[in-house]
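Readers should treat all values here as calculations from the given coordinates under stated rules, not as data from a laboratory. Remember, predicted model here, so these are calculated numbers, not experimental data. Ideal geometry is used to build each Cβ from the backbone, glycine not excepted, and the neighbour counts take in all protein chains shown.
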Amino acid sequence: MRNLAILTFLTLDGVMQAPSSPDEDPAGGFAYGGWARTCWDEVMEQVMEEAMAAPYELLLGRKTYETFAAHFSTLGDDNPVACKLNKATKYVITSTLSSLQWKNSECVTGDIATEVSRLKKQDGPLLQVHGSWRLIQALLSHGLIDEYRLWIFPVLVGSGKRLFDQGVVPTNLDLVKTGATPSGALMSIYKRNRVLSK
């Protein structure tokens with residue numbers, strides 16, 4: 001049995017859409033892509049130390065997979081982020097892709113809750129979800145997230161895809177670690193404690 005963690009970049013008002021570049025995800029007319037750039041380098045140092053140092057495998061939605069594959073598969077091992085992502089096993093939740101070109105990638109089809117529960121029951125390292133908004137919404141609604149690794153950036157955008165956008169299973173969390181970058185981004189790592197009863 002292994003745990004599943006989400007690694008998510010957020011604005012202070014809870015938006016996780018398109019942190020890294022203007023053309024990353026313009027869905028819904030989102031005009032503020034790239035909002036994380038002012039703190040990006042400092043946050044990535046923390047991410048490498050806190051979330052990518054230990055062994056892990058990735059669980060990705062199709063759109064995030066395609067974005068990551070197009071970028072990281074072209075970079076060599078001299079790029080530390082690309083090196084980690086290229087070597088990791090990547091499970092891709094998809095109903096449209098039948099073959100995956102990025103090395104160490106596997107298609108996962110069928111019911112998300114069933115398939116993710118199956119992956120969690122396997123032996124292996126931590127499963128991490130990067131980005132993948134639609135997938136995270138499904139994981140939240142089924143109570144499948146064991147750990148929340150959140151980086152909150154000092155920016156407000158007003159609208160966009162929010163991390164806690166749809167129904168979630170009410171849950172108590174324990175704060176495991178917190179930190180800040182000189183430019184004002186906050187890191188908060190939480191582990192699931194117990195489901196709240198009514």
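Other residues whose C-beta falls under 14 angstrom from the C-beta of T64 contribute a net charge of +2, scoring Lys and Arg +1 and Asp and Glu -1.
The residues packed around N86, meaning those with a beta-carbon under 14 Å from its beta-carbon, carry a net charge of +1 if Lys and Arg are +1 and Asp and Glu are -1. For the chain, the fraction of C-alpha pairs more than 24 angstrom apart is 39%. Legend: ranking of residues F68, F164, F30 from fewest to most surrounding C-beta atoms inside 10 Å; resulting order F164, F30, F68.
Treating only the Cβ atoms of Lys and Arg (+1) and Asp and Glu (-1) as charged, compute the dipole magnitude of region 50-145 about its Cα centre; round to the nearest 20 debye. Dipole magnitude for region 50-145 comes out near 160 debye.
The helix-based estimate of mean residue ellipticity at 222 nm for the chain, built from -39,500 (n - 2.57) per DSSP H run of four or more residues and divided by its residue count, is -7000 deg cm²/dmol to the nearest 500.
Using the Cβ of L100 as centre and a radius below 12 Å, the other residues enclosed give a net charge of +1, where K and R count +1 and D and E count -1.
Based on the reciprocal of the average 1/r between different C-alpha atoms, the Kirkwood radius for region 16-117 equals 15.1 Å. Straight-line reach only, C-alpha to C-alpha below 20 angstrom: list the lysines that K84 could link to, leaving out same-chain residues fewer than 8 apart. Here the lysines satisfying the reach criterion relative to K84 are K63, K103. The alpha-carbon of K177 sits under 20 angstrom from the alpha-carbons of these lysines, leaving out residues fewer than 8 places away in its chain: K191.
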